[in-house]
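Structure first, then comments.
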Amino acid sequence: MRTIHNADFLRDPDFVASYARGIQAAEADYSFHWRVHVGLWAASVAVKLEGDFVECGVNRGFLSSAIMNSLDWNARGKQFWLLDTFAGIDSRFVTDEERAAGILERNEGEFYVGGVDVVRENFSEWERVRIVVGAVPESLVEVDCDQVAYLHLDMNCAPPEVAAFEFFWPKMVTGGIVLLDDYAYRGYESQKRAMDEVAGRAGVKILSLPTGQGLIVKTPG
Ligand SMILES: C[S@@+](CC[C@H](N)C(=O)[O-])C[C@H]1O[C@@H](n2cnc3c(N)ncnc32)[C@H](O)[C@@H]1O
């Protein structure tokens, strides 16, 4: 992302340390500083609310590691639920349009983690981390929490993201934040359409961010 606007968060010591913790988790720098900046801000707002944190689509844990570092997670009384197949996109839960666009080809190569062990090891420094292995929507029933303050959806395909939104939205506390990673991302137009539709059914609008992310705040009523 290029901008002429102020990006001095890049020099903020907490941002620098948290972004570095993300790199440590992923063993790579995805160069997505502004998206991490948005995620850290969302988490800093949500941590003041009642309710747990949830991420659907964890991979090696870049963003969630950065968040736990920034929030000093062991000092918090919340659970952080981390849902993923830890084996890439589940072909049963993609649309025909996504399949035709070649989404399953992203399972090839080494970007998606090929097992949960390395992920457990990465998150082992933190308490109250609940790693749920399996495909969303099937794994949603394993999330045993009534209140959610922060929900990050980053599964790169629409059907599980829609299902997760429908599952968690009634559990979101007032002021809670839903962050969508792929909402306005180039090449993910069907995901945007699906999320606009499900958000519309819930009576909310999604803020489209220039990073490609989408943001929803649960307001009263
Ligand atoms: C872009 S990666 C997530 C990146 C992560 N948020 C980070 O900060 O690095 C997308 C992840 O979604 C997962 N995924 C895709 N479809 C899924 C499904 N139906 N259920 C669970 N996980 C899924 C993949 O295994 C992959 O790890």
Within region 192-212, the residues that are surrounded by 13 or more Cβ atoms within 10 Å (Cβ to Cβ) and under 17 Å from F168 (Cβ atoms) are A194, M195, V198, A199, A202, V204, I206
Out of (1) of a type outside the set (F, W, Y); (2) at pLDDT 95 or above; (3) over 27 Å from D29 (Cβ atoms), the one M68 does not meet is (3)
Note: among V143, V136, V132, just one is surrounded by 15 or more Cβ atoms within 10 Å (Cβ to Cβ), farther than 27 Å from G102 by Cα and in contact with a Phe, Trp or Tyr (Cβ under 8 Å, 6 or more places away or on another chain), namely V143
Going through region 104-145 in order, the residues found to be aromatic (F, W, Y) and more than 22 Å from G51 (Cβ to Cβ) are F111, Y112
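Table: residues versus (1) assigned to a loop (DSSP other than H, G, I, E, B); (2) under 27 Å from S18 (Cα atoms); (3) over 15 Å from the mean Cα position of the chain (by Cα).
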residue: S139; (1), (2), (3): no, no, yes
residue: D182; (1), (2), (3): yes, yes, no
residue: R186; (1), (2), (3): yes, yes, yes
residue: Q191; (1), (2), (3): no, no, no
residue: T211; (1), (2), (3): yes, yes, no
Taking first residues from region 8-28 that are within 17 Å of F123 (Cβ to Cβ) and second residues anywhere that are in a helix (DSSP H, G or I) and aromatic (F, W, Y), the pairs with Cβ under 6 Å that are 6 or more apart or on different chains are G22/F62; A25/F62; A26/F62
Expected output for region 158-172 (first residue more than 23 Å from I103 (Cβ to Cβ), partner within 10 Å of the ligand (Cβ to nearest atom), Cβ below 6 Å, 6+ apart or cross-chain) is none
Note on region 102-148: residues more than 15 Å from F80 (Cα to Cα) and of a type in the set (K, R) are R106
Has region 127-146 got at least one residue that is in contact with a Ser or Thr (Cβ under 8 Å, 6 or more places away or on another chain), among the small types (G, A, S), modelled with pLDDT of 95 or more and within 20 Å of R35 (Cβ to Cβ)? no
Taking region 74-101 and the residues there that are of a type in the set (S, T, Y) and more than 8 Å from the ligand (Cβ to nearest atom), the one that is surrounded by the fewest Cβ atoms within 10 Å (Cβ to Cβ) would be S91
Answer with yes or no whether L71 is more than 9 Å from the ligand (Cβ to nearest atom), farther than 27 Å from Y19 by Cα, within 17 Å of the chain's Cα centre (by Cα) and of a type in the set (A, V, I, L, M). no
Expected single match for hydroxyl-bearing (S, T, Y) and in contact with a strand residue (DSSP E or B) (Cβ under 9 Å, 6 or more places away or on another chain) among S44, S91, S64, S70 is S64
Cβ pairs under 7 Å, 6+ apart or interchain, first in region 103-120 and loosely packed, with under 15 Cβ neighbours inside 10 Å, second in a helix (DSSP H, G or I) and aromatic (F, W, Y), ordered by first then second residue, are none
Given (1) surrounded by fewer than 21 Cβ atoms within 10 Å (Cβ to Cβ); (2) under 28 Å from S18 (Cα atoms); (3) in contact with a helix residue (DSSP H, G or I) (Cβ under 8 Å, 6 or more places away or on another chain), T174 misses just (3)
*Taking D52, is it closer than 30 Å to S190 by Cβ, touching a helix residue (DSSP H, G or I) at 6+ places or on another chain (Cβ under 8 Å), acidic (D, E) and surrounded by 14 or more Cβ atoms within 10 Å (Cβ to Cβ)?*
no
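The values are calculated or read from the model by the stated rules, or taken from the named source; none is laboratory data. None of the values given here were measured: they were computed from a predicted structure. Neighbour counts run over all protein chains shown; Cβ positions are idealised from the backbone, glycine included.
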